[in-house]
Structures are given as C-alpha cells and as structure tokens.
Amino acid sequence: MADVVLLDFWASPFGQRCRIALAEKGVAYEYSEQNLEQKSELLLRSNPVHKKIPVLLHGGRPVCESLLILTYIDEAWPEVAPLLPRDPYARAQARFWADYIDNKVYTKARLLTTKGEALEQAKKDMIGALMTLDSELGDKDYFGGEAFGFVDIAFVTLTPWFYTYEKYGDFSVEEHCPRIVAWAARCRERESVAKALTDPEKVYEIVQEEYGAN
C-alpha cells in the first residue's frame with residue numbers, strides 16, 4: 001500500500017475536497033475507488049464509526065471526515081500552498097464558514113426530496129444560505145482574500161450541484177448570488193478543481209436516478 005491512500009467515491013463532493021487539497025499540495029497518493037453498496041473491508045476497518053468515505057490513510061493511519069482531512073493535509077504538508085491562514089482568528093473564521101457550508105448548504109438540499117410548501121421553504125432556505133455566502137465573499141477573489149484556500153475547497157465541490165438545485169427548486173443561483181457564480185468559475189480555472197469536479201449535468205442524472213425526476 002502507498003504511504004498516502006484516499007478511499008473515495010468519484011462523485012462525492014466530500015472526497016473531491018480531499019483530492020483538490022492533495023493536488024494543491026502536490027502530494028502523491030493512491031486513489032482507491034469504493035463501492036458504497038458493498039463496502040470494502042478496508043473502508044469498514046478504517047472508518048468503523050461512520051463507515052463512510054472519504055478516508056485518508058497516511059502511513060496506514062486513517063483520518064475521517066472531509067473538513068478534518070483538509071486540516072490534516074494542511075498540517076501534515078505545511079511547506080507549500082497553505083490552506084488555512086496563520087492568524088488564529090482568521091483560522092477560526094475559515095472553520096466557521098466551512099461548517100456553515102456543510103450545515104446550511106449541503107443539509108438544505110432537502111429541496112431534492114420535497115414538494116409543495118415544504119419545497120418552497122427548502123428553496124427559501126437554500127437561497128438564503130447562498131446569499132449569506134455571497135455577502136461574505138463580497139468583492140474578494142476568494143473567501144480568504146487573494147489566495148485560494150480552506151473555505152473555497154469546502155464550498156467549490158458543491159457548486160456542480162447548483163444546476164440540480166435550480167432544476168428542482170425552479171430558481172437561478174446567478175440571479176441571487178452573482179458573485180458566487182463568478183467565484184465558482186474562477187475556482188474552476190485551477191487545474192486541481194477542474195480535474196476533481198463532477199459535470200453538473202451528470203450530477204443531475206445521478207440525482208434523478210436516486211430521487212426521481214423533478
């Protein structure tokens with residue numbers, strides 16, 4: 001086994017976070033595609049609590065949960081492309097916004113599974129969360145300022161899902177959050193991001209297969 005191994009699933013936005021971070025750091029690693037229907041013994045042994053991808057194995061030792069993996073990667077390979085700022089307050093802010101993304105954008109995607117009034121509320125919640133992030137980004141190139149970093153990686157892997165959110169929720173992300181759309185395009189110009197992200201239309205196909213047509 002290689003010194004660094006990533007247990008992952010190709011379409012996972014959480015695994016994509018890890019791939020982007022490793023690419024930004026220039027870390028060589030072995031990619032291990034996992035069957036989520038028939039989980040491997042290696043995955044179950046490496047993440048016995050949640051039994052989920054992604055898992056980063058470094059020297060045989062597992063690190064689980066994507067945001068924790070990002071922090072680990074930043075600390076284990078600190079020499080190049082820092083993901084988190086050095087200032088303690090700025091680091092805390094970055095972690096706050098990454099947590100916000102997981103709790104307010106990813107979990108608000110219930111608009112994929114609801115109808116009627118529940119769908120309208122889910123859409124309102126999603127737009128509200130995206131507008132909050134649009135405001136936080138402001139006129140900066142990236143969430144941390146001029147440098148691509150932790151919050152950008154945490155958020156950019158959810159952007160291929162925007163097309164699906166728009167289809168199911170009948171709204172336009174660009175109409176409400178033009179700065180987020182411009183930021184996402186800027187991020188996709190990076191090789192690490194472009195190689196990791198799933199095509200938005202493919203995401204839509206996967207969602208339709210799982211949840212049914214909107």
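The values are calculated or read from the model by the stated rules, or taken from the named source; none is laboratory data. Note that this is a predicted model, so its numbers are computed, not measured. Here the Cβ is made from the backbone with ideal geometry for all residues, glycine too, and neighbour counts use every protein chain on show. We work out accessible area using only protein heavy atoms, side chains counted, and drop any ligands, DNA or RNA first. Shrake-Rupley method; radii C 1.70, N 1.55, O 1.52, S 1.80 Å.
Can you confirm whether Ala28 is surrounded by 19 or more Cβ atoms within 10 Å (Cβ to Cβ), aliphatic (A, V, I, L, M) and not in a strand (DSSP E or B)?
Values: surrounded by 19 or more Cβ atoms within 10 Å (Cβ to Cβ): no; aliphatic (A, V, I, L, M): yes; not in a strand (DSSP E or B): yes.
No, not satisfied.
Filter the stretch 189-201 down to residues that are in contact (Cβ under 8 Å) with a residue 12 or more places away in the chain and open to solvent by 80 Å² or more (accessible area, probe 1.4 Å) and give me whichever is farthest from Ile153 (Cα to Cα). This residue is Glu201.
Looking only at the stretch 1-25, filter to residues that are assigned to a loop (DSSP other than H, G, I, E, B) and over 17 Å from Ser192 (Cβ atoms); which one of those is least open to solvent (accessible area, probe 1.4 Å)? Quick ask: steps written out before the conclusion?
First pass over the stretch 1-25, keeping only residues assigned to a loop (DSSP other than H, G, I, E, B): 1-3, 9-12.
Checking the rest, the ones that are also over 17 Å from Ser192 (Cβ atoms) come to 1-3, 9, 11.
On the way: Met1: 156, Ala2: 41, Asp3: 93, Phe9: 61, Ala11: 14 Å².
For the stretch 1-25, the residue satisfying everything is Ala11.
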